[in-house]
Amino acid sequence: MSDTAKSDMPTPVAPPAKPAVGVAWLWKTRWFGVGFIVLLLALWELAAASGWVPSMSFPRMSAVLATWWELIVSGELFGELVPSILRMFGGYFIGVALGVVLGLLMGYFRFFYSLLEPITEVLRPIPSPAYLPIVILFLGIDDEMKVFMIAFASLFPVLLNTYSGVRSVDPIQLQTARTFGVTGWKLLWQIVLPSAAPYIFTGMRVSLAVALIVMVISEMVAASSGIGYFILSAQRGFKIRDMFAGVLTLAVVGYVLNRLFVAIENRVLAWHYGYTQQQRN
Amino acid sequence: MVSASEPFLIIRGLRKVFAAPGGTTVALNGIDLEIARGSFVSIIGPSGCGKSTLLQIMAGLAEPTSGAVFLDGRKVEGPPRSVIYVFQQYTRSLFPWKTVERNVAFGLENRESLSRDEIASRTRQIIALVKLTGFERHYPWQLSGGMQQRVAIARALACRPDVLLMDEPFSAVDALTRVGLQELLRSLWRELGLTVVFVTHDVDEGVYLSSRVVALSRAPARIAIDLPIELVHPRDQIVTRALPQYLEYRGRLLAQLFADEGLVATEAA
């Protein structure tokens with residue numbers, strides 16, 4: 001499978017593979033886009049160095065990178081990042097687990113759907129920063145609060161997608177399982193769950209991005225450590241290069257997490273890509 | 001070949017009525033049928049006549065409005081252990097996340113209390129029987145249509161059912177693949193002493209495969225013809241299909257179907 005198909009970017013109308021003529025090969029590689037990023041960074045450097053953007057809030061890229069490197073080498077950045085990542089994963093996995101369980105129950109048992117659908121629809125649209133103050137009242141400003149915030153926000157995308165996944169299980173698969181005497185919880189575990197897995201992964205991917213956002217927000221509002229706290233306090237202390245370094249760090253973290261996720265997804269759902277590819281032909 | 005006819009599968013006064021927004025539809029209107037152990041019965045009829053509904057009720061996948069199905073003296077309520085249903089849509093009934101061997105082992109893992117080794121060896125055996133050795137680790141969607149339907153048959157046979165209920169199993173494959181599958185099914189039926197109920201809309205297929213053909217009328221379906229097929233075994237796709245006896249069976253069944261559909265099958269002079 002091509003790299004494009006594996007990446008998480010939606011792949012609209014794939015351009016027909018024409019034999020490369022002239023320099024056309026150039027923009028067919030990933031390096032073309034990477035080169036564009038490098039170009040933008042160079043422009044940044046130039047803009048800051050020549051004073052096009054006359055502001056102390058706009059340091060040269062090279063200075064930001066130098067500071068970033070120092071923060072990495074000194075271990076300071078990792079000191080902030082590690083607790084952040086741990087909170088994020090803690091909340092994310094709790095949210096995903098609950099989302100899958102509730103989504104399966106709602107999709108599979110009418111009782112749970114009737115019970116939980118209204119409350120889901122009421123709670124889901126509330127932006128997480130809005131209930132953050134309430135959560136602080138009950139859980140304080142420590143890890144419990146952040147893990148709760150992240151878990152709660154991660155829950156809904158997984159829940160909704162799992163529910164849709166369960167609803168779209170092919171009835172013929174369910175009937176087939178029934179003729180082999182597979183019913184009830186066994187049916188849920190053996191047929192419904194794997195069949196809904198592509199949907200569940202879609203939800204998990206959305207939730208991963210949400211978890212990262214909520215992690216940073218909750219650390220900016222109330223924390224004494226973490227990457228969100230680091231970025232905000234750098235800005236308040238006029239350590240502008242540190243601030244940019246923190247944001248760059250998040251870019252890298254987000255990128256790595258997503259690549260990791262895609263790699264796992266491709267392994268677990270290899271059958272799904274093959275199957276849908278086959279169906280299309 | 002066919003053993004002494006003790007009624008093994010009994011269908012009594014079966015009615016099925018579907019409630020729809022625009023009124024009710026009577027799909028089956030009092031079907032009575034007795035099927036002997038070890039027989040191969042084809043059910044033919046115009047499309048939409050309720051053939052599949054009848055088969056699903058026999059499989060315990062659907063409930064009759066009234067009447068009942070008895071298997072070996074016991075009323076069918078829910079899928080019986082000794083009956084396996086093979087769907088027409090093999091691409092949808094095979095589990096795409098399981099390899100061929102996992103698909104074939106599915107029934108064994110869930111129905112029987114066998115050790116891992118026993119499951120593995122039985123799976124291997126049955127895969128060899130449908131001539132898919134070498135494809136154990138493939139996924140169903142990597143195989144051709146005919147091969148996929150063989151996986152579905154293997155999965156059904158792995159549990160050593162007494163009865164195989166097949167709903168137009170070969171209608172989605174090309175003509176040559178279909179011949180191969182027909183021969184495979186015939187040999188499995190004879191070898192394993194199965195009772196097969198085979199739904200098809202293809203009269204030729206029904207006559208060639210079966211020891212008995214039951215033609216249903218248009219919905220609300222009743223039995224229009226119940227025809228024992230006394231063609232000798234072993235059969236041959238070319239020789240058997242040219243026998244006068246074969247042609248007579250075929251003619252009678254087609255005439256019934258055409259009449260039922262109000263179809264004029266003669267070219268104007």
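What to note about this one:
- Helices (runs of 4 or more DSSP H) wholly inside segment A:154-244 that include at least 3 residues being within 14 Å of chain B (Cβ to nearest Cβ): A:171-179, A:184-187, A:193-221
Okay, residues lined up against (1) within 20 Å of B:Glu205 (Cβ to Cβ); (2) β-branched (Val, Ile, Thr); (3) part of a strand (DSSP E or B); (4) open to solvent by less than 20 Å² (accessible area, probe 1.4 Å):
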| site | (1), (2), (3), (4) |
| --- | --- |
| B:Ile43 | yes, yes, yes, yes |
| B:Pro46 | yes, no, no, yes |
| B:Leu54 | yes, no, no, yes |
| B:Ala68 | no, no, yes, yes |
| B:Glu77 | no, no, no, no |
| B:Tyr85 | yes, no, yes, yes |
| B:Phe95 | no, no, no, yes |
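- Of residues in segment B:126-141 being open to solvent by less than 50 Å² (accessible area, probe 1.4 Å) and within 12 Å of chain A (Cβ to nearest Cβ), the one nearest to B:Arg190 (Cα to Cα): B:Pro140
- Lone unmet requirement of (1) open to solvent by 20 Å² or more (accessible area, probe 1.4 Å); (2) in contact with a Gly (Cβ under 7 Å, 6 or more places away or on another chain); (3) within 13 Å of another protein chain (Cβ to nearest Cβ) for B:Arg155: (1)
- Selection within segment B:102-121 - under 23 Å from the mean Cα position of the chain (by Cα) and in contact (Cβ under 8 Å) with a residue 24 or more places away in the chain: B:Asn103, B:Val104, B:Ala105, B:Phe106, B:Gly107, B:Leu108, B:Arg111
- Complete set of residues in segment B:221-257 that are at pLDDT below 90, surrounded by fewer than 17 Cβ atoms within 10 Å (Cβ to Cβ) and under 24 Å from B:Ser47 (Cα atoms): B:Arg222
- Conditions (1) open to solvent by 40 Å² or more (accessible area, probe 1.4 Å); (2) within 14 Å of chain A (Cβ to nearest Cβ); (3) farther than 24 Å from B:Arg178 by Cα; number of the one not met by B:Thr91: (3)
- Within segment B:110-125, restricting attention to residues that are crowded, with 17+ Cβ neighbours inside 10 Å and of a type in the set (D, E, K, R), the residue that is farthest from the other protein chains (Cβ to nearest Cβ) is B:Arg122.
- Filter result for B:Gly50 (small (Gly, Ala, Ser), crowded, with 23+ Cβ neighbours inside 10 Å and more than 14 Å from every other protein chain (Cβ to nearest Cβ)): yes
- Matching entry among B:Val17, B:Val86, B:Val26, B:Val100 (being over 26 Å from A:Asp170 (Cα atoms) and aliphatic (A, V, I, L, M)): B:Val26
A quick yes/no check of all residues on (1) at pLDDT 90 or above; (2) more than 30 Å from A:Met149 (Cβ to Cβ):
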{"residue": "A:Asp8", "(1), (2)": "no, no"}
{"residue": "A:Ala42", "(1), (2)": "yes, yes"}
{"residue": "A:Glu45", "(1), (2)": "yes, yes"}
{"residue": "A:Met56", "(1), (2)": "no, yes"}
{"residue": "A:Ala66", "(1), (2)": "yes, yes"}
{"residue": "A:Gly90", "(1), (2)": "yes, no"}
{"residue": "A:Phe93", "(1), (2)": "yes, no"}
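- Segment A:205-215, subset aliphatic (A, V, I, L, M) and buried (at least 24 other Cβ atoms within 10 Å of the Cβ), residue farthest from A:Thr162 (Cα to Cα): A:Met215
- Hits in segment A:222-271 - residues which are of a type in the set (A, V, I, L, M, F, W, C), touching a residue at least 24 places away in the same chain (Cβ under 8 Å) and closer than 14 Å to A:Leu81 by Cβ: A:Ala223, A:Ile227, A:Phe230, A:Ala245, A:Leu248, A:Leu250, A:Val253, A:Leu257
- Within segment B:210-220, the set of residues being among the small types (Gly, Ala, Ser) and open to solvent by 10 Å² or more (accessible area, probe 1.4 Å) comprises B:Ser211, B:Ala219.
- Some residue of segment B:26-37 being surrounded by 15 or more Cβ atoms within 10 Å (Cβ to Cβ) and in a loop (DSSP other than H, G, I, E, B): yes
- Hey, B:Gly180 modelled with pLDDT under 95, surrounded by fewer than 23 Cβ atoms within 10 Å (Cβ to Cβ) and within 13 Å of chain A (Cβ to nearest Cβ) or not: no
- For segment A:127-140, a tally of residues being open to solvent by 20 Å² or more (accessible area, probe 1.4 Å), of a type in the set (Val, Ile, Thr) and touching a helix residue (DSSP H, G or I) at 6+ places or on another chain (Cβ under 8 Å) returns 1.
The values are calculated or read from the model by the stated rules, or taken from the named source; none is laboratory data. As the structure is a prediction and not an experimental result, all values here were calculated from the model. All Cβ positions, glycine included, derive from the backbone under ideal geometry; neighbour counts span all protein chains shown. We work out accessible area using only protein heavy atoms, side chains counted, and drop any ligands, DNA or RNA first. Shrake-Rupley method; radii C 1.70, N 1.55, O 1.52, S 1.80 Å.
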